[in-house]
Amino acid sequence: MKYEFNNDREFDVIAIGRACIDLNAVEYNRPMEETMTFSKYVGGSPANIAIGSSKLGLKAGFIGKLADDQHGRFIKSYMQGVGIDVSNMVVDTEGHKTGLAFTEILSPDECSILMYREDVADLYLAPNEVNEDYIKQAKVLLISGTALAKSPSREATIKAVNLAKKNNVKVVFELDYRPYTWKSKEETAVYYALVAEQSDVVIGTRDEYDVMENIVDGKNEDTINYLFSHQADLLVIKHGVEGSYAYAKSGEVFKAQAYKTQVLKTFGAGDSYASAFLYALISGKEIETALKYGSASASIVVSKHSSSEAMPNVEEIEALIAKNEKIEARS
Ligand SMILES: Nc1ncnc2c1ncn2[C@@H]1O[C@H](COP(=O)(O)OP(=O)(O)O)[C@@H](O)[C@H]1O
Ligand SMILES: O=C(O)C[C@@H](O)[C@H](O)C(=O)COP(=O)(O)O
């Protein structure tokens, strides 16, 4: 089964939200207190997804607000360098700073992120900085849940969703739940539900859907019944190393396994998964195949040091899928 897009659009995907800096521990397997060296990369979930999509050959654009400083200029030039259209990335004029994410790699499955997100420029994106003429050129508008955490970015994001719907642009909502950017789980649930109910495709982990539904131990069955009674016709629910599911409104269910790898760190999995899943879907591949692309991309990125720089190309993803299919056929 394939997913249909409006094909007469210049951009495959336009993402909205934060473009920040990741500072990833260079010395692994130790607590951050003992880590002296960090490597700098562009980060921020929607920026990572735009970078991953662009590296796979999609035409990507970005709507966001950058600090008027060295970090802001680094982010813009990196994103432009990987082929992303940065014409709608505006520069903050009020002294707000770039968000920073320091990562701790304690062991391959114990990683944490220490985020500096006080008064960050990305959350000051204002509704008047979101342009209909830009959004209407896209097949997909990619929303990141974190952009809903505070005003005015919250209203800018909701405006973007409304413009996408008006212009027949598919709204893909990546839940991207980062607790520290929100005041309470109740507040998160209100805005997540508001946008999820208007989205065509929702992507998230089982835990993130629980946040949206304000419940614990939610069931996929209940989530799909709820969202399919609104706008959505495709839902992706990820279960970490256990794999992921795609549910189509027509009733079809697809499952993908996670591909085993030498894991270096756990973060970066979700963003690489989303970019490769979207790439495959927009390229006209079957939903089942798109799940494999997502899993393969995530497996490659968790074995590498960064989230953005490590995003694979199509050949790497296809080689990994082919290698695993050969192994499966033999066993
Ligand atoms: N340790 C791992 N090894 C290989 N693939 C992984 C691993 N962890 C996650 N993945 C892949 O990345 C996908 C997304 O991971 P998940 O942890 O569910 O999302 P997120 O990073 O958004 O929390 C999974 O569905 C799986 O395919
Ligand atoms: O999203 C952020 O602000 C931090 C990311 O740049 C970081 O690389 C990360 O946490 C990615 O994790 P993922 O959500 O598992 O892809």
One can check that the equivalent ellipsoid of the range 80-219, built from the alpha-carbon gyration tensor with semi-axes equal to the square roots of five times its eigenvalues, has lengths in Å, largest first, of 25, 21, 15
Computed Rg/Rh of the range 165-271, alpha carbon atoms with Kirkwood Rh = 0.97
Output for the range 257-331 (equivalent-ellipsoid semi-axes, sqrt of 5λ from the C-alpha gyration tensor, Å, descending) is 18, 16, 9
Please work out the C-alpha center-to-center distance from the range 55-92 to the range 93-119 and express it in whole Å.
-> 19
Kirkwood-based Rg over Rh for the range 1-135 (C-alpha set), two decimals?
-> 1.03
With each run of n ≥ 4 DSSP H residues scored as -39500 (n - 2.57), what mean residue ellipticity at 222 nm is computed for the chain after dividing by its residue count and rounding to the nearest 500 deg cm²/dmol?
-> -11000 deg cm²/dmol
Roughly speaking, what is the centre-to-centre gap between the range 267-331 and the range 1-28 when only Cα atoms are used, to the nearest Å?
-> 14
Debye equation applied to the C-alpha atoms of the range 11-326, log10 I(q)/I(0) at 0.11, 0.12, 0.14 Å⁻¹ | -0.62, -0.75, -1.06
Rounded to the nearest whole Å², what accessible area per residue is found for the chain with the 1.4 Å probe?
-> 42
Placed amide H near Ile215: partners under 5 Å, 5+ positions off or other chain | none
Roughly speaking, to the nearest percent, how much of the range 11-326's 1.4 Å accessible area is carbon and sulfur?
-> 50
Along Cα→Cβ, 7 Å out, is where each label goes; now give me the distance between the ones at Glu118 and Met32 in nm to one decimal.
-> 1.4
Within the set of other residues whose C-beta is less than 12 Å from the C-beta of Met1, count the net charge using Lys and Arg as +1 and Asp and Glu as -1.
-> -2
Run the quick spin-label model on Val241 and Tyr180: label points 7 Å from Cα toward the beta carbon, then report their separation in nm to one decimal.
-> 2.5
Extension length gain for Glu4 and Ser303 (0.36 nm per residue less Cα distance), in nm, is 104.4 nm
DSSP bridge pairs, the chain: antiparallel proportion in percent, nearest 5 = 40
Please give the contour-minus-distance gain from Ser39 to Ser229: 0.36 nm per residue of separation, less the Cα-Cα distance, rounded to one decimal in nm.
-> 63.9 nm
For a label point 7 angstrom out from the Cα of Asn214 toward its Cβ, which stretches of the range 169-198 have the backbone nitrogen within less than 20 Å?
-> 175-198
To one decimal place, what orientation-averaged projected area in nm² is obtained for the convex hull of the Cα set of the range 61-125?
-> 5.3
Count the net charge of all other residues whose Cβ sits under 9 Å from the Cβ of His71, scoring Lys and Arg as +1 and Asp and Glu as -1.
-> +2
Packing-based order for 99-111, 8-20, 154-166, using average beta carbon neighbours within 10 Å, highest first | 8-20, 154-166, 99-111
Work out, step by step, the length gained on full extension between Glu94 and Ser107: first 0.36 nm times the residue separation, then minus their alpha carbon distance; give nm to one decimal.
-> 0.7 nm
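The values are calculated or read from the model by the stated rules, or taken from the named source; none is laboratory data. Just so you know, these numbers come straight off a predicted model, no measurement behind them. Note: ideal-geometry Cβ built from the backbone for every residue, glycine included; neighbour counts use all protein chains shown. For the accessible areas, the whole protein counts, side chains as well, though only heavy atoms, and no ligand, DNA or RNA atoms are used. Shrake-Rupley method; radii C 1.70, N 1.55, O 1.52, S 1.80 Å.
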